[in-house]
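Enquirer: The structure is given below, and queries will be raised subsequently.
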Amino acid sequence: MTSVRERFGFVTGALIAILVVGLLGVWVTWSEPDPGPISKAGIPATTEDTTPDADTNEERDEQAEGVEKRVEAWQEALREGRAGQNGKRAYLQGAAAPTATGWVGEIPVDTMVDDWEPAIAADPHAPYVYLLTTRYGTEKPCPGNCPTPFIALAISADNGVTWSPTKPLCACKGSGQFDPIIEVVPNTGDVYSLFMIGFNVWFTKSTDHGANWSPPVKTYGNVAWNDKPIIAVSDDGQDVYASFNGPTGGDPWVASSHDAGATWSQVKLVDSGRYDFTFDGDVDSNGNVYFSESSLLYSSAGKHSALIGGIEEHVFISRDKGATWADVIVGQTQPGITCTAVGCTTDFYQGHSAIAADASGALVYLYDGATVAGGLQSIYASRSTDHGAHWTTPTIVSAAGEESTAPMMESGGSGDVRIAWMQTSGGGNVDAWNTIYRRSTDGGRTFSAPVRISDATSGAPYKTAAGYAEVYGDYGEMAITNTGKSIATWGEGISYTGPGGVWVNRER
């Protein structure tokens, strides 16, 4: 996903991105359906914000600049033969030599494109797995002013052993597409997805295992801009929740649908000067809704802004299908080390979280953070057994003396919790990263020994025996297949600007 860091403004930035890659033309989109009814429920009952922040123009310019630099970096890598496996294509059908115990070996989605920020979901009752990635380094997927980047979809019908060729999730005309999110409805096998077109979050779904997708529906109502979506879905698929940030200055919003995504209502959860980043959400078997959000305070908007004070870890909870929301603080940390990779924003490693409910409704919350300002970050875990009302004292699950960021998590049966994150190798060496996996069978009280699942040591110019050169994108994701195996995806790159790619590994 994007950042204040890259996340404040997308509409103008995405439009300029089209110009950057030579798609200059008339702005065209499909005919938008009417928004759903505007909700008057929630705390507070703020349901619309049509005035953009006064300082978003600078952020939009910054986003446009970032997209331009990423495209230029990819084109330069192609010219110099640094893209792919020495210029050769390698993708999901290939298999790396496995080194992680119990895993088949890390493989790239496609080394001849520039992919980042993936999403993955698995059907709990059938062998389908769905993977989305934000794709830069390829031709536009449809005639005219088709978007770059766009969201690419790959489907596996055998739990990730083999995959379909990638195709656009939506070959929609208009601005660039960003921030894909995907989930499988547990009781039906339908597939739900959120993605962004410019500065707006849209919903689409498939009822035939990803072969066809519904026309996108806007989730955002009368909100001037919205960014960084996360989806949470009830077991029957009727209740769908989309958390995003938006005006003013990154406040947390939730859009709710109670007709399987056909219509949506919106509510702003908090109106403050802090910026809230949503990174995960879940709906438990009782219908309780949870979103994990990291709340940061900046000195101002823009590329030169600095973090002020501590980072707060919130869980927003609704026990009445989105009518009202409770706000619970799970933990607090300090801003950690700054990112110095090419193109990186200083806060790139900071402010990520994950939340999941197991089959019994017990919750685990993961987040990254430092104990002292400017220090190395750890990954913290906290548990709740009373539907989020109270949380245990956080414990550290990552390695001491290393920088850790971007936690991801999935829960299965009672007590079953799978976690992963990105971690440096060799005393906080930010030029050598690895993706680390652990599992708990007691609800997050204890975890298995860490396993390095980014186990390929070559295959791209950013891969070495020590790890990959830089985390590529703000997040990765995990899923659990219908056979109970973990499957995970994440981005790796030369730098923040790239080029880079999305990689996948799964348990045997």
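The values are calculated or read from the model by the stated rules, or taken from the named source; none is laboratory data. No experiment lies behind these values; they were computed from the predicted model shown. No Cβ is skipped: glycine too gets one built from the backbone with ideal geometry, and neighbour counts run over all protein chains shown. Just so you know, the surface numbers come from the protein's heavy atoms only, side chains and all, with ligands and any DNA or RNA stripped out. Shrake-Rupley method; radii C 1.70, N 1.55, O 1.52, S 1.80 Å.
Enquirer: Can you name the residue in the range 460-497 that is in a loop (DSSP other than H, G, I, E, B) and β-branched (Val, Ile, Thr) and, of all such residues, is surrounded by the fewest Cβ atoms within 10 Å (Cβ to Cβ)?
Expert: Thr483
Enquirer: Looking at Thr111, Thr138 in this structure, which one is modelled with pLDDT of 70 or more, under 24 Å from the mean Cα position of the chain (by Cα) and open to solvent by 20 Å² or more (accessible area, probe 1.4 Å)?
Expert: That would be Thr138, the only listed residue that is modelled with pLDDT of 70 or more, under 24 Å from the mean Cα position of the chain (by Cα) and open to solvent by 20 Å² or more (accessible area, probe 1.4 Å).
Enquirer: Among Arg506, Arg445, which is the only one that is assigned to a loop (DSSP other than H, G, I, E, B), open to solvent by 10 Å² or more (accessible area, probe 1.4 Å) and modelled with pLDDT of 95 or more?
Expert: Selected residue: Arg445, the only one of Arg506, Arg445 that is assigned to a loop (DSSP other than H, G, I, E, B), open to solvent by 10 Å² or more (accessible area, probe 1.4 Å) and modelled with pLDDT of 95 or more.
Enquirer: Scan the range 448-459 residue by residue and report those that are surrounded by fewer than 19 Cβ atoms within 10 Å (Cβ to Cβ), assigned to a loop (DSSP other than H, G, I, E, B), of a type outside the set (Ser, Thr, Tyr) and out of contact with any Lys or Arg (no Cβ under 7 Å at 6 or more places or on another chain).
Expert: Ala449 - this is the single residue of the range 448-459 that is surrounded by fewer than 19 Cβ atoms within 10 Å (Cβ to Cβ), assigned to a loop (DSSP other than H, G, I, E, B), of a type outside the set (Ser, Thr, Tyr) and out of contact with any Lys or Arg (no Cβ under 7 Å at 6 or more places or on another chain).
Enquirer: Could you please let me know if Ser414 is polar (S, T, N, Q), closer than 28 Å to Ala469 by Cβ, open to solvent by 20 Å² or more (accessible area, probe 1.4 Å) and in contact (Cβ under 8 Å) with a residue 40 or more places away in the chain? Show your work before the answer.
Expert: Working: polar (S, T, N, Q): yes; closer than 28 Å to Ala469 by Cβ: no; open to solvent by 20 Å² or more (accessible area, probe 1.4 Å): yes; in contact (Cβ under 8 Å) with a residue 40 or more places away in the chain: yes.
Here the answer is no, as Ser414 does not meet what is asked.
Enquirer: Here's something else I'd like to know. What tally of residues in the range 191-229 results from selecting those that are more than 17 Å from Ala171 (Cα to Cα), open to solvent by 10 Å² or more (accessible area, probe 1.4 Å) and under 19 Å from the mean Cα position of the chain (by Cα)?
Expert: Total satisfying the criteria: 1.
Enquirer: OK, next. If you check Thr435 against the conditions, is it of a type outside the set (Lys, Arg) and in a strand (DSSP E or B)?
Expert: yes
Enquirer: Go through the range 399-436 residue by residue and tally those that are farther than 17 Å from Gly375 by Cβ, modelled with pLDDT of 95 or more and of a type in the set (D, E, K, R).
Expert: Qualifying residue count, the range 399-436: 3.
Enquirer: Only one of Thr324, Thr333, Thr371, Thr338 is within 23 Å of Thr497 (Cα to Cα) and of a type in the set (S, T, N, Q). Can you tell me which?
Expert: Values: Thr324 fails: within 23 Å of Thr497 (Cα to Cα); Thr333 fails: within 23 Å of Thr497 (Cα to Cα); Thr371 fails: within 23 Å of Thr497 (Cα to Cα).
Selected residue: Thr338, the only one of Thr324, Thr333, Thr371, Thr338 that is within 23 Å of Thr497 (Cα to Cα) and of a type in the set (S, T, N, Q).
Enquirer: Would you point out the residue of the range 141-152, among those that are over 21 Å from the mean Cα position of the chain (by Cα) and touching a residue at least 40 places away in the same chain (Cβ under 8 Å), that is surrounded by the most Cβ atoms within 10 Å (Cβ to Cβ)?
Expert: First, the residues of the range 141-152 that are over 21 Å from the mean Cα position of the chain (by Cα): 141-146.
If we keep only those that are touching a residue at least 40 places away in the same chain (Cβ under 8 Å) too, we end up with 144-146.
Details: Gly144: 11, Asn145: 19, Cys146: 21.
Ranking the candidates gives Cys146 first.
Enquirer: Search the range 242-281 for residues being assigned to a loop (DSSP other than H, G, I, E, B), within 18 Å of Gly309 (Cβ to Cβ) and touching a residue at least 40 places away in the same chain (Cβ under 8 Å), and hand back the single one that is nearest to the chain's Cα centre (by Cα).
Expert: Gly250
Enquirer: Separate question: In the range 197-208, what residues are touching a strand residue (DSSP E or B) at 6+ places or on another chain (Cβ under 7 Å) and either more than 20 Å from Pro252 (Cα to Cα) or modelled with pLDDT under 95 (or both)?
Expert: Result: Ile197, Phe199, Asn200, Thr204, Lys205, Ser206.
Enquirer: Any residue that is of a type outside the set (Val, Ile, Thr), assigned to a strand (DSSP E or B) and surrounded by fewer than 19 Cβ atoms within 10 Å (Cβ to Cβ) - is there at least one of those in the range 359-370?
Expert: no
Enquirer: Another question, if that's okay. Starting from residues that are over 22 Å from Gly473 (Cα atoms) and of a type in the set (A, V, I, L, M, F, W, C), keep the ones in the range 158-181 and report whichever is farthest from the chain's Cα centre (by Cα).
Expert: Result: Val161.
Enquirer: Please determine whether any residue of the range 271-291 is among the aliphatic types (A, V, I, L, M) and either more than 22 Å from Pro186 (Cα to Cα) or open to solvent by 30 Å² or more (accessible area, probe 1.4 Å) (or both).
Expert: Start the filter on the range 271-291 by keeping residues that are among the aliphatic types (A, V, I, L, M), which leaves 283, 289.
Imposing the further condition that a residue be either more than 22 Å from Pro186 (Cα to Cα) or open to solvent by 30 Å² or more (accessible area, probe 1.4 Å) (or both) reduces the set to none.
Within the range 271-291 (the criterion being among the aliphatic types (A, V, I, L, M) and either more than 22 Å from Pro186 (Cα to Cα) or open to solvent by 30 Å² or more (accessible area, probe 1.4 Å) (or both)), the answer is no, since none of the residues qualifies.
Enquirer: Can you tell me which residues in the range 111-159 are more than 27 Å from Thr207 (Cβ to Cβ) and either charged (D, E, K, R) or touching a Gly at 6+ places or on another chain (Cβ under 7 Å) (or both)?
Expert: Thr111, Met112, Val113, Asp114, Trp116, Glu139, Lys140, Gly144, Asn145, Thr148
Enquirer: Something else now. Could you say whether any residue in the range 439-448 is farther than 19 Å from Ala479 by Cβ, touching a residue at least 24 places away in the same chain (Cβ under 8 Å) and not acidic (Asp, Glu)?
Expert: Checked against the condition, which is being farther than 19 Å from Ala479 by Cβ, touching a residue at least 24 places away in the same chain (Cβ under 8 Å) and not acidic (Asp, Glu), the range 439-448 yields at least one hit.
Enquirer: On the given criteria, is Ile155 open to solvent by less than 20 Å² (accessible area, probe 1.4 Å) and of a type in the set (A, V, I, L, M)?
Expert: On the way: open to solvent by less than 20 Å² (accessible area, probe 1.4 Å): no; of a type in the set (A, V, I, L, M): yes.
Here the answer is no, as Ile155 does not meet what is asked.
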